[in-house]
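Notes follow the structure.
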Amino acid sequence: MNTYTFRLKPGQDLFDSIETFAADKKIEAGCVLSAVGSLTHATLRLANHPSYNEYEGHFEIVSMTGTVAVSGSHLHVSISDGDGVTIGGHLVSGCKIYTTAEIVLAVFDEVVYTRELLENDSGYEELVVRAKPLPPRRIFVES
């Protein structure tokens, strides 16, 4: 396992920046270990809702979890306002960083994550985990 830590700056998009980082680093299988920071705008898809909800104001990122991969990430976030009211949901593009976001990712070298529409399943592209092919072994024989 390897780890990456990076910081996002004001105005950057939280989801898009994580996706760009995964693409730049060619992350095939990873997860969020830690995420803290703040937002001025949040866009979330709440449980069992087909559309997105938009929130304006100042929010703390109090939790974020999920899988990260170049084939597509699946992230959930919880945010809290100035009164401590907390809401969470599916993270999508549109969450704008206020002061900072500090992200720590774990990367797993032995597997690859893909997203596939599975027969008789949820109707969404779901996570499929495959073992990474092992590199060819060289066998040396002394003569």
### Summary
Mean-square fluctuation maximum in Gaussian network of the chain, Cα pairs under 10 Å, restricted to H49, H76, H90, hits H49
### Fully extended contour minus Cα-Cα distance, from T100 to R115, at 0.36 nm per residue
2.4 nm
## Note on the structure
Toy charge model, Lys and Arg Cβ at +1, Asp and Glu Cβ at -1: the chain dipole around Cα centroid in debye, rounded to 20, equals 500 debye
### Query
Once log10 I(q)/I(0) by the Debye sum over Cα atoms at q = 0.14, 0.19, 0.20 Å⁻¹ is worked out from the coordinates, which option in [x] -0.57, -1.13, -1.27; [y] -0.69, -1.13, -1.21; [z] -0.73, -1.03, -1.10 does it equal?
[y]
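So for R7, R45, fewest C-beta neighbours within 10 Å to most, what's the order? All intermediate terms of the calculation are to be shown ahead of the outcome.
On the way: R7 12, R45 15.
Going from sparsest to densest Cβ surroundings: R7, R45.
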### Summary
Rounded to the nearest 10 degrees, the helix 14-25 long axis (Cα) sits at an angle to the longest Cα principal axis of the chain of 20 degrees
### Task
Using +1 at the Cβ of each Lys and Arg and -1 at the Cβ of each Asp and Glu in segment 2-131, identify which of L91, V128, L33 lies farthest towards the dipole's positive end.
L33
### Query
Roughly how many Å is it from the Cα centre of segment 75-115 to that of segment 37-74, as a whole number?
6 Å
### Task
Just need the relative contact order of the chain here, percent rounded to a whole number, with Cα pairs under 8 Å and 6+ apart.
32 percent
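Where a number appears in this text, it was derived from the coordinates with a stated rule and is not lab data. None of these values were measured; they are calculated from a predicted model. Positions of Cβ are backbone-derived with ideal geometry, glycine not excepted, and every protein chain shown enters the neighbour counts.
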